[in-house]
Amino acid sequence: MSRIVYNKLVRDRIPEIIAQSGKTYGVESMSPEEFERGLLEKLIEEARETQQADDTQLKTELADLQEVIEALLVLKGISRQALRTEQRSRRRERGGFKKRLKLLWTE
């Protein structure tokens, strides 16, 4: 059997799931710095998967993206309430996406 190298952050139960499938694996705990970097990389990975998801996969991919966001909030000590407050502030300042506007050009 050939070894596949990942070197990336995975969810806590992934080793258990791998073992249940009859495969072997290697894991190690990340340092706080590695964990933060891993979360930021995972954020991009999940955003790409969300972008490519069809309608049947979208809810799952958004849930994965939200999981990474929540882990980053905990890591950085940002409360959900503080995030919502910032979101509302940004919406007041810059608007949301209700009008579905596409910027074509500026001069």
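Ranking Ser31, Thr85, Ile4 by Cα position along the charge dipole of the chain, where only Lys, Arg, Asp and Glu carry charges on their C-beta atoms, puts Thr85 farthest toward the positive end. Relative to the longest principal axis of the Cα atoms of the chain, the long axis of helix 32-52 makes an angle of roughly 70 degrees. Among Ser29, Ser79, sorting on how many other beta-carbon atoms sit within 10 Å of each Cβ, with the fewest leading, yields Ser29, Ser79. Hey, in the GNM for the chain with a 10 angstrom Cα cutoff, which one of Ala53, Ala19, Ala82 fluctuates hardest? Looking only at Ala53, Ala19, Ala82, the biggest GNM fluctuation is shown by Ala19.
Here each label is just a point 7 Å from Cα along the line to Cβ, and for Glu16 and Leu104 those points are 5.5 nm apart.
From the largest down, segment 14-80 spans 34, 33, 17 angstrom on the principal axes of its Cα atoms.
Once the C-beta distance of Glu70 and Val27 is scaled by a Förster radius of 25 Å, the resulting FRET efficiency is 0.70 to the nearest 0.05. Spin-label model, Thr85/Met1: points 7 Å from Cα along the beta carbon direction are separated by 5.0 nm.
Any read-out appearing in this document is the output of simple, stated calculations on the displayed coordinates, not a laboratory observation. Source: prediction; values computed, not measured. Backbone-built Cβ (ideal geometry, glycine too); neighbour counts: all protein chains shown.
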